[in-house]
Amino acid sequence: AGAGALAGVMLRETNYRGARRAMLGVKPSGALEWHTRSSVSGANTLTAGGTAVFPVWLKLERNGDTLTAFRAADTAGAPGAWTPVGAALTLAALAPAVDFGLAATNAVLNTTVVAGFDQVTLSPAGTALVDEDLGVPGTAGSTAVNGSSYTLSASGTLGDSGRFRYQQFVGDVTITAG
């Protein structure tokens, strides 16, 4: 998929293209990135999170207005010790209901990225997940589901377009994906 590809876990206040959001993603090289937008239509802030060895576990937690990203090495199909990635982000007056889920994007327009996620958990459990393309991707995305495994196919530019498989949650929530 190339160096511009990024896949991971994301929270969005809305599906508006410039919505406040946070995404912990991993690139094909294993580089971890913590992308945040703290104001509507504001600039994207990138915090490098080191390099991971595949497979890697990602976790994003919401506790009130605070979002925290974590990574863990794979230990026999389960996450090892969780390590924070970057500083926690506070989004003042974060809407009670937010969209929480899996995301895939590519910084190279019209170039498709395919990302696989296994053992995805959302806590608390909610209703069925919804799939949609965000923004104006160059090529329509798709999602394949096999139990708790998901494969997202997307193109676009980070944060502005890509594929999002999500669920709307009210209150505190955690998503974990291996």
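The values are calculated or read from the model by the stated rules, or taken from the named source; none is laboratory data. Here the structure is a predicted model, which means the values were calculated and not measured. Glycine gets a Cβ as well: all are built from the backbone with ideal geometry, and neighbour counts include every protein chain shown. For the accessible areas, the whole protein counts, side chains as well, though only heavy atoms, and no ligand, DNA or RNA atoms are used. Shrake-Rupley method; radii C 1.70, N 1.55, O 1.52, S 1.80 Å.
So here's what we get for this one:
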{"read-out": "Every pair of residues 6+ apart whose Cβ atoms lie under 8 Å, when the first sits in region 162-178 and is over 13 Å from residue 65 (Cα atoms) and polar (S, T, N, Q) while the second is open to solvent by less than 30 Å² (accessible area, probe 1.4 Å) and not in a strand (DSSP E or B)", "value": "176/120"}
{"read-out": "Sole residue being of a type in the set (S, T, N, Q), assigned to a strand (DSSP E or B) and open to solvent by 40 Å² or more (accessible area, probe 1.4 Å), chosen from 47, 36", "value": "47"}
{"read-out": "Number of positions in region 130-151 that are touching a Ser or Thr at 6+ places or on another chain (Cβ under 6 Å) and in a loop (DSSP other than H, G, I, E, B)", "value": "6"}
{"read-out": "Residue satisfying condition, being part of a strand (DSSP E or B) and either more than 14 Å from the chain's Cα centre (by Cα) or without any contact (Cβ under 8 Å) to a residue 40 or more places away in the chain (or both), within set 73, 87, 115", "value": "73"}
{"read-out": "Enumeration of residues in region 1-23 that are under 22 Å from residue 108 (Cβ atoms) and of a type in the set (Gly, Ala, Ser)", "value": "1, 2, 3, 4, 5, 7, 8, 18"}
{"read-out": "Among residues of region 66-87, those that are surrounded by 12 or more Cβ atoms within 10 Å (Cβ to Cβ) and at pLDDT 90 or above, counted", "value": "15"}
{"read-out": "Residue list for region 108-151, filter: within 19 Å of residue 6 (Cα to Cα), open to solvent by less than 60 Å² (accessible area, probe 1.4 Å) and hydrophobic (A, V, I, L, M, F, W, C)", "value": "113, 115, 117, 120, 134, 144"}
{"read-out": "Residue count for region 19-33, restricted to those that are assigned to a loop (DSSP other than H, G, I, E, B) and in contact (Cβ under 8 Å) with a residue 40 or more places away in the chain", "value": "1"}
{"read-out": "Residue check, residue 52 in contact with a strand residue (DSSP E or B) (Cβ under 7 Å, 6 or more places away or on another chain) and under 22 Å from residue 115 (Cβ atoms)", "value": "yes"}
{"read-out": "Criterion (under 18 Å from residue 12 (Cα atoms), free of Cβ contacts under 8 Å to residues at least 40 places away in the same chain, in a strand (DSSP E or B) and of a type in the set (Ser, Thr, Tyr)) met by exactly one of 68, 105", "value": "68"}
